[in-house]
Amino acid sequence: MTAMDRIAAVTRPLLQVDGLTKRYGARIGCADVTFDLWPGEVLGIVGESGSGKSTLLSCLAGHQRADLGRILYDGRDVLAMGETERRGLGRTDWAFVHQNPRDGLRMGVTAGGNVGERLMAVGARHYGQIRDKATDWLDRVEIAADRIDDRPSAFSGGMQQRLQIARNLVSSPRLVFMDEPTGGLDVSVQARLLDLLRGLVRDLGLSVVIVTHDLAVVRLLAHRLMVMKSGRVVEQGLTDQVLDDPQHAYTQLLVSSVLQV
Amino acid sequence: MTDQAYNFAYLDEQTKRMIRRALLKAIAVPGYQVPFASREMPMPYGWGTGGVQVTAACLTPEDRLKVIDQGADDTTNAVSIRKFFQRTAGVATTEHTPDATVIQTRHRIPETALKAGQILVYQVPIPEPLRFLEPRESETRKMHELEDYGLMHVKLYEDIARHGTIATAYAYPVKVEGRYVMDPSPIPKFDNPKLSGNAAIQLFGAGREQRIYALPPWTEAVSLDFDDHPFQPSKAPHDCDLCGAADSYLDELITDDLGGRMFVCSDTDFCAGRRAAGHIGRLGAAEPEVVP
């Protein structure tokens, strides 16, 4: 069965979010966010700085606790889970790609150790097998195998970001959260990273929630799009539909603000 | 001679009571680091303030105390701590391992097998095995709570990646009864097998870090490793030059500036016992020359 066949056989969303609200005191982080994410689907979240997209992502990933609402992952209530179970999910089924690779990598540990950490965390105890798998994943993210014993600090920004992706995907997660994965990279490196991501998402049948302010990124990657402003979702729909025919005034502003070369 | 100005074994009774409560908890949860209100001791941190407090809380007037430092009975640290308890508790002391009821040790386990009824007290500089991997105390506690020990193997992985073998030679982490990962204090990994299933009570005191932990008798302590890189206790590939022992942990002594060296047992009592029994090593006939 290919990844696509598996996805076709599914009858319920992988992630169901209902009325999710997070406040910082009197201020709203994000309010009343509701959406379903199906297996194999890529959901883009766009909006300007301070619109609550990163807050939403960290609530979804369990880094922050939401005040109100419900998150169901594969039918399981994430907010009601114990910390052990949630961390277990974070090590196996979920992955989180940070904007700054330094947040997601262990800078003092070699590339191989970084990729192998998740495997060891779930009980892999065979050095040779861990190393083989790390080599395989470095190859998949286009890092030469002879860099396996180098530390990430010796890598370029684009390589660090690819290493972070390898480190996250090695445990075959089903759901990946990405926070501005292409931020801070120059355009040619961005293009290659996007190419790589698109390939991995399709081959592995990943479900992805991707937060970005770059509309080009969502145009390439996302199937569906949510536009946020002041902590609320103002518009959502198919990516092409939202970008080509924006309905809400803020979305129209956002789309028309993109610089044309 | 007891110095009457001090309470028995220096610490006041309430402090000893507090430490004993921590010890009981540590014994009840093997490998778990119990916080305790560590006191200022009349010696600098790093000289065994944790071990001294644990020893003080365990001592009774009938006890016979042995103190070793890197296996030796006659080094500064061992001599001064032994004198400290002679003076403040008036207990009998010995250098002979089987005669001792309480043994305070810095960085070694005696070669002579311990027996039921003995207490081995370790001086611990850094009790947290995850410390150099994760600097936040709040996070390491959480990792112990959730048994989240993947990081420990990342360290061993890094060792193999860099050195081809697990290069950690001391303070080698062990998993206690399949639950807590514990730092056995900086004993050489040669001593790790002796931690497990030991008949004696093993108590660990870290004064500056204010932690006490313990291994009750016959507790299992498994050294962490990989399936294809199993744990190997290591020692210098020599026999003791004084007593000829092939199975004891050795110190290397440089004897001149021409490359001369000798290997001697780090456990002085063990070595002296073997020599008294007639075992002679390569250089054991003559007294070792002391180079000024």
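The values are calculated or read from the model by the stated rules, or taken from the named source; none is laboratory data. This structure is a prediction, so every number in the text was calculated from the model and none was measured. Every residue, glycine as well, gets a Cβ built from its backbone with ideal geometry; the counts of neighbours run over all protein chains shown. For the accessible areas, the whole protein counts, side chains as well, though only heavy atoms, and no ligand, DNA or RNA atoms are used. Shrake-Rupley method; radii C 1.70, N 1.55, O 1.52, S 1.80 Å.
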Task: Sequence-distant lysines (8 or more away, or on other chains) whose Cα lies within less than 28 Å of A:LYS133 - done: B:LYS155, B:LYS175
Open item on the list: Treating only the Cα positions of the protein assembly as shown as identical point scatterers, give the base-10 log of I(q)/I(0) from the Debye formula at each q in 0.08 Å⁻¹.
Closed with: -0.69
- [ ] Report the normalised scattering of the range A:8-119 as log10 I(q)/I(0) at q = 0.14, 0.15 Å⁻¹, calculated by the Debye formula with identical scatterers on the alpha carbons.
- [x] -0.68, -0.78
TODO: Provide the buried accessible surface between chains A and B in square angstrom, both chains summed, 1.4 Å probe, rounded to the nearest 100.
DONE: 1900
TODO: Take every DSSP beta bridge whose two residues both sit in the protein assembly as shown, then give the antiparallel share in percent to the nearest 5.
DONE: 55
Open item on the list: I'd like to check one number: the per residue accessible area of the range B:59-180, probe 1.4 Å, reported in Å² as a whole number.
Closed with: 40
TODO: Go ahead and estimate [θ] at 222 nm for chain B from helices alone: -39,500 (n - 2.57) per DSSP H run with n ≥ 4, summed, over the residue count, rounded to 500.
DONE: -8000 deg cm²/dmol
Task: Principal axis box of the range B:217-292, alpha-carbon based, largest edge first, Å - done: 45, 32, 19
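Across peptide B:155-165, how many C-beta atoms of other chains are within 10 Å of each residue C-beta, on average?
For this peptide, the per-residue mean of nearby foreign Cβ atoms is 5.
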Task: Set of lysines near A:LYS22 by C-alpha distance (under 25 Å), chain-local residues within fewer than 8 positions excluded - done: A:LYS53, A:LYS229, B:LYS142
- [ ] Using only Cα positions of the range B:51-181, each an equal point scatterer, no hydration layer, compute I(q)/I(0) via Debye at q = 0.14 Å⁻¹ and quote the log10 values to two decimals.
- [x] -0.77
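Per residue of chain A, what 222 nm ellipticity follows from adding -39500 (n - 2.57) for every DSSP H run with n ≥ 4, rounded to the nearest 500?
Values: 11 runs with 104 residues, N = 261.
Result for chain A: -11500 deg cm²/dmol, rounded to the nearest 500.
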TODO: Using a 1.4 Å probe over the heavy atoms of the protein chains, calculate the carbon and sulfur portion of the accessible area of chain A as a whole percent.
DONE: 48
TODO: In a Gaussian network model over chain B where Cα atoms closer than 10 Å are linked, find which of B:ALA78, B:ALA221, B:ALA116 has the largest mean-square fluctuation.
DONE: B:ALA116
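Indicate, rounded to the nearest 5 percent, the antiparallel portion of the DSSP beta bridges found entirely in chain B. Intermediate results must be reported in sequence, preceding the final value.
On the way: 22 of 38 bridges.
In chain B, DSSP labels about 60 percent of beta bridges as antiparallel.
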Task: Stokes-Einstein D in µm²/s, Kirkwood radius over Cα pairs - chain A at 4 °C with 1.567 mPa s viscosity - done: 68
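Would you please put A:83-92, B:145-154 in order of how densely packed they are, using the mean number of other Cβ atoms within 10 angstrom per residue and starting with the highest? Please report the intermediate quantities before stating the final value.
Numbers: A:83-92: 16.0, B:145-154: 18.3.
Output ranking for A:83-92, B:145-154: B:145-154, A:83-92.
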TODO: For the range A:80-222, report the convex hull volume of the alpha-carbon atoms normalised per residue, in Å³, without decimals.
DONE: 112
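Ignoring ligands, DNA and RNA, what percent of the 1.4 Å accessible area of the range B:165-292 is carbon and sulfur?
Numbers: 3250 of 6020 Å².
So the carbon and sulfur contribution to the accessible surface is 54 percent.
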Open item on the list: For the range A:147-261, take every pair of Cα atoms, bin their distances at 5 Å starting from 0, and report each bin as a whole percent.
Closed with: 2, 10, 20, 21, 18, 14, 9, 4, 2, 1, 0
Open item on the list: Tell me which DSSP H helices of chain B clear both cut-offs, 18 Å or more of axial length from alpha-carbon atoms and a mean Kyte-Doolittle hydropathy of at least -1.0.
Closed with: B:13-28, B:76-89, B:150-163
Task: Stokes-Einstein D for the range A:107-172, Kirkwood Rh over Cα pairs, 25 °C, 0.890 mPa s (µm²/s) - done: 215
Open item on the list: Threshold 30 Å², probe 1.4 Å: give the residues of the range B:108-154, in number order, that are less accessible with all protein chains present than with their chain alone.
Closed with: B:LYS142, B:LEU146, B:ASP148, B:GLY150, B:LEU151, B:HIS153, B:VAL154
Task: Complex-versus-alone comparison for the range A:88-117, residues with a loss of 50 Å² or more in accessible area, probe 1.4 Å - done: A:ARG106
Open item on the list: Tell me the per residue accessible area of the range A:107-172 using a 1.4 Å probe; a whole number in Å² is fine.
Closed with: 36
TODO: Measure out, as a whole number of angstrom, how far apart the alpha-carbon centroids of the range A:197-232 and the range B:81-145 sit.
DONE: 56
TODO: Could you work out how far the C-alpha centroid of the range B:214-292 sits from that of the range A:65-116, in angstrom?
DONE: 48
TODO: With just the Cα atoms of the range B:136-257, tell me how far they stretch along each of the three principal axes, in Å, largest first.
DONE: 50, 37, 29
- [ ] Leaving ligands, DNA and RNA out of it, report the carbon-plus-sulfur percent of the accessible area of the range B:1-81 at a 1.4 Å probe.
- [x] 55
